[in-house]
Amino acid sequence: MAGKYNGCAVLGDLKERLLKTSQSLRQKFQELLESGKPRDKILEEIAEILILADTGIASTDKIILSLKEQTRKDAPFEEIRKALQDELVRILAQYPSELSINSSPAVIMMVGVNGGGKTTSLAKLAHYFKDKKKKALLVAADTFRAAAQEQLTIWGKRLNVPVIRGQYGADPAAVVYDALKSLKAHSYDLLLVDTAGRIHTNTNLMNELEKIRRVIAREIAGAPHEILLVLDSTIGQNALPQAREFLKFSGITGIFLTKLDGTAKGGSVISIVDELRLPIKFIGVGEDVQDLIPFSAAKFVNALIS
């Protein structure tokens, strides 16, 4: 089991957790280092490496153009690699990754398609905040999937964190309203809201999410303070169409990227940030409740290609 710090995986473990992606990249970069090829040929091969890592063609083209502008035509590989690291950090750090939950009580909504790890990610956040001595309340607002409510209830019992749930098929916004009343009555610091995610093209789902958001905003000024879109990193570029649909739902503040330890396609992180213009706030790197890492662009890039 990985080490822990402040209730989540140690940042130093990141290289180990991203092994599937980083091993492949480092091997290919080592081959380039030893090849002695000219810069332009190296850039062509870096482009191929990035695309194979699921960075996406549009983002890859931007990166390669930047490297051409930043490096000398006779630049050695190490100079090019350093420029690549700097460019990746620049892309990933252009939007702030810190949570905006300075007020109390604070509300965080989790949205995304079913199967992306939304409920487990919510439990990880509950553990993360509990370790920070924050009094959290969970709400199972996915009332259309009995399994989702049961799963969150089980997590709540494991973590000793209370869960508000409704009857199967109940109005999700009404369940959230009840949770908000409990949040205020018992002076909780934080409300973590699990939502439905049946099909990302379902207009009714988006309307439902908007209704939940309006109920929260009506009861607590400035809330929800964060709306995190949960994306499964193992599906790579296929996460982008999902994300674009959810961006039709107003107020998304960042990405919670799950299952990053299980993919060799870690380049998808770059295109997700570049194309969606949203920060990665957290990454999930395992199945255990502590397998959560607040995102750091510099540490992520260092773990991948240093």
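Out of (1) modelled with pLDDT of 80 or more; (2) crowded, with 18+ Cβ neighbours inside 10 Å; (3) closer than 21 Å to Q151 by Cβ, the odd one out for D288 is which?
Of (1) modelled with pLDDT of 80 or more; (2) crowded, with 18+ Cβ neighbours inside 10 Å; (3) closer than 21 Å to Q151 by Cβ, only one is false for D288: (2).
Any residue that is under 20 Å from A146 (Cα atoms), at pLDDT 95 or above, surrounded by 15 or more Cβ atoms within 10 Å (Cβ to Cβ) and aromatic (F, W, Y) - is there at least one of those in segment 180-203?
The answer is no, given that none of the residues of segment 180-203 is under 20 Å from A146 (Cα atoms), at pLDDT 95 or above, surrounded by 15 or more Cβ atoms within 10 Å (Cβ to Cβ) and aromatic (F, W, Y).
Of all residues in segment 214-243, which are charged (D, E, K, R), surrounded by 20 or more Cβ atoms within 10 Å (Cβ to Cβ) and either at pLDDT 95 or above or in contact with a His (Cβ under 8 Å, 6 or more places away or on another chain) (or both)?
First, the residues of segment 214-243 that are charged (D, E, K, R): 214, 218-219, 226, 232.
Checking which are surrounded by 20 or more Cβ atoms within 10 Å (Cβ to Cβ) leaves us with 226, 232.
Residue satisfying the conditions is E226 alone.
With respect to the numbered conditions (1) farther than 14 Å from S59 by Cβ; (2) under 15 Å from the mean Cα position of the chain (by Cα); (3) modelled with pLDDT under 90; (4) not basic (K, R), which one is the sole condition not fulfilled by S250?
If we test S250 against (1) farther than 14 Å from S59 by Cβ; (2) under 15 Å from the mean Cα position of the chain (by Cα); (3) modelled with pLDDT under 90; (4) not basic (K, R), just (2) comes out false.
Regarding segment 197-217, can at least one residue be identified that is assigned to a strand (DSSP E or B), over 17 Å from N114 (Cβ atoms) and not charged (D, E, K, R)? Before the answer, list the steps.
Residues of segment 197-217 assigned to a strand (DSSP E or B): none.
Within segment 197-217, not a single residue is assigned to a strand (DSSP E or B), over 17 Å from N114 (Cβ atoms) and not charged (D, E, K, R).
Return the total of residues in segment 20-52 being over 19 Å from S306 (Cβ atoms) and of a type in the set (S, T, Y).
Number satisfying all stated conditions: 1.
Tally time: how many residues in segment 138-178 are within 25 Å of A221 (Cβ to Cβ), in a helix (DSSP H, G or I) and within 25 Å of the chain's Cα centre (by Cα)?
Residues that pass the stated criteria total 3.
If I go through segment 179-196 residue by residue, how many of them are touching a residue at least 60 places away in the same chain (Cβ under 8 Å), of a type in the set (D, E, K, R) and part of a helix (DSSP H, G or I)?
The total comes to 1.
Against the conditions (1) in contact with a strand residue (DSSP E or B) (Cβ under 9 Å, 6 or more places away or on another chain); (2) closer than 26 Å to N102 by Cβ; (3) not polar (S, T, N, Q), where does L260 fall short? Just the number, please.
(2)
With the structure loaded, tell me whether S233 is in contact with a strand residue (DSSP E or B) (Cβ under 6 Å, 6 or more places away or on another chain) and of a type in the set (S, T, Y) or whether it fails that test. Even if it seems obvious, please write down each step before you answer.
Values: in contact with a strand residue (DSSP E or B) (Cβ under 6 Å, 6 or more places away or on another chain): yes; of a type in the set (S, T, Y): yes.
In short, yes.
Return the only residue of S103, S59 being touching a residue at least 40 places away in the same chain (Cβ under 8 Å), touching a Gly at 6+ places or on another chain (Cβ under 9 Å), surrounded by fewer than 17 Cβ atoms within 10 Å (Cβ to Cβ) and at negative phi. Spell out the reasoning first.
Numbers: S59 fails: surrounded by fewer than 17 Cβ atoms within 10 Å (Cβ to Cβ).
On inspection, the qualifying residue turns out to be S103.
The values are calculated or read from the model by the stated rules, or taken from the named source; none is laboratory data. Note that the coordinates shown come from a computational prediction; the quantities given were computed from them, not determined experimentally. Positions of Cβ are generated from backbone atoms using ideal geometry, with glycine treated the same way; all protein chains shown enter the neighbour counts.
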